[in-house]
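Q: This is the structure I have questions about; it appears just below.
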Amino acid sequence: METEKRERARPLAPDERREALIAATRPLLYEHGRAVTTRLIAEAAGVAEGTIFRVFESKEELVDAAIERAFEPGDVIARIEEIDPDLPLRDRLVVLVSILQQRFRATFGLMQKVGLVGPPRHLHDSEQAAAWRARQELLLLAVLGADRDQLRVPADHFVHVLRLLTFSGSHDLISDGRLLTPEEIVDSLLLGLLRRD
């Protein structure tokens with residue numbers, strides 16, 4: 001019986017190899033933080049450990065690149081754009097808050113694991129970050145649609161408060177371990193917390 005010859009995988013271009021290593025490193029950071037080893041990274045990426053150092057000067061450089069990638073918007077934009085505009089306002093907002101909350105929780109978890117108290121300053125203050133925040137503002141306003149006419153505050157203020165409630169209600173320390181659900185956040189905004197007799 002003849003042994004089948006396996007085709008060797010096409011060698012990755014340097015940029016592709018870099019992206020593959022960053023992609024392999026990111027999930028490991030949530031578990032190991034900066035203590036992740038190059039052996040674990042190499043195993044996750046399916047490469048020899050020495051390959052890492054042909055792409056990055058050090059493990060720290062790779063870890064920093066993976067952390068930076070985690071602060072990029074990723075699929076958040078696409079997920080917000082997919083919210084069905086025909087849903088009732090409350091339902092649209094619950095979906096929106098769920099998306100934002102998942103993003104915040106993942107980011108907070110990573111920051112805690114790698115010892116950050118805030119996003120790296122050079123990322124937060126970059127032109128790209130400012131453009132992303134402006135884009136996010138427009139996306140959140142678009143979710144309101146024509147229902148913004150029902151608000152008793154300007155739409156941009158409503159969106160600002162929604163985002164602040166979602167941010168604080170998704171952080172273990174800020175919320176004293178009592179995370180808010182998307183429904184609680186939305187209902188607090190739409191209905192308030194006073195009993196209506």
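Q: Among the residues of the stretch 29-47, which ones are exposed (fewer than 14 other Cβ atoms within 10 Å of the Cβ) and not in a helix (DSSP H, G or I)?
A: Passing the criteria: 37, 46.
Residues checked against (1) closer than 19 Å to residue 74 by Cβ; (2) outside any helix (DSSP H, G or I):
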position: 103; (1), (2): yes, no
position: 146; (1), (2): no, no
position: 186; (1), (2): no, no
position: 194; (1), (2): no, yes
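Q: Name, by its number, the condition in (1) under 22 Å from residue 99 (Cα atoms); (2) part of a helix (DSSP H, G or I); (3) open to solvent by less than 60 Å² (accessible area, probe 1.4 Å) that does not hold for residue 73.
A: In the conditions (1) under 22 Å from residue 99 (Cα atoms); (2) part of a helix (DSSP H, G or I); (3) open to solvent by less than 60 Å² (accessible area, probe 1.4 Å), residue 73 misses (2) alone.
Q: Pick out the one residue from 15, 64, 86 that is outside any helix (DSSP H, G or I) and either open to solvent by 40 Å² or more (accessible area, probe 1.4 Å) or under 30 Å from residue 188 (Cα atoms) (or both).
A: Being outside any helix (DSSP H, G or I) and either open to solvent by 40 Å² or more (accessible area, probe 1.4 Å) or under 30 Å from residue 188 (Cα atoms) (or both) holds for just one of 15, 64, 86, which is 86.
Q: Now a separate question. Looking at (1) modelled with pLDDT of 95 or more; (2) open to solvent by less than 30 Å² (accessible area, probe 1.4 Å); (3) under 24 Å from residue 154 (Cα atoms); (4) not aromatic (Phe, Trp, Tyr), which is the one condition that is false for residue 136?
A: (1)
Q: Take the stretch 139-156 and flag every residue that is in contact (Cβ under 8 Å) with a residue 40 or more places away in the chain, surrounded by 12 or more Cβ atoms within 10 Å (Cβ to Cβ) and not hydrophobic (A, V, I, L, M, F, W, C).
A: Scanning the stretch 139-156 gives 145, 147.
Q: Spot the failing condition for residue 50; the list is (1) surrounded by 14 or more Cβ atoms within 10 Å (Cβ to Cβ); (2) modelled with pLDDT under 95; (3) in contact with a helix residue (DSSP H, G or I) (Cβ under 9 Å, 6 or more places away or on another chain), and only one is missed.
A: (1)
Q: If you don't mind, another one. Report, ordered by the first and then the second residue, all pairs with beta carbons closer than 8 Å, sequence separation of six or more or different chains, a first member in the stretch 108-121 that is touching a residue at least 12 places away in the same chain (Cβ under 8 Å), and a second member that is of a type in the set (Ser, Thr, Tyr) and open to solvent by 30 Å² or more (accessible area, probe 1.4 Å).
A: 109/30; 110/30; 113/30
Q: Looking only at the stretch 114-133, count every residue that is part of a helix (DSSP H, G or I) and within 24 Å of residue 182 (Cβ to Cβ) and tell me the total.
A: Qualifying residue count for the region: 2.
Q: Further question on the same structure: Considering only residues of the stretch 163-193 that are aliphatic (A, V, I, L, M), without any contact (Cβ under 8 Å) to a residue 40 or more places away in the chain and within 19 Å of residue 144 (Cβ to Cβ), which is least open to solvent (accessible area, probe 1.4 Å)?
A: So, considering only residues that are aliphatic (A, V, I, L, M), without any contact (Cβ under 8 Å) to a residue 40 or more places away in the chain and within 19 Å of residue 144 (Cβ to Cβ), the one least open to solvent (accessible area, probe 1.4 Å) is 165.
The values are calculated or read from the model by the stated rules, or taken from the named source; none is laboratory data. Computed from a predicted model, the values in this text were never measured in an experiment. As a convention, Cβ positions derive from the backbone with ideal geometry for all residues, glycine included, and neighbour counts pool all protein chains shown. Surface areas here come from the heavy atoms of the whole protein model, side chains and all, with no ligands, DNA or RNA. Shrake-Rupley method; radii C 1.70, N 1.55, O 1.52, S 1.80 Å.
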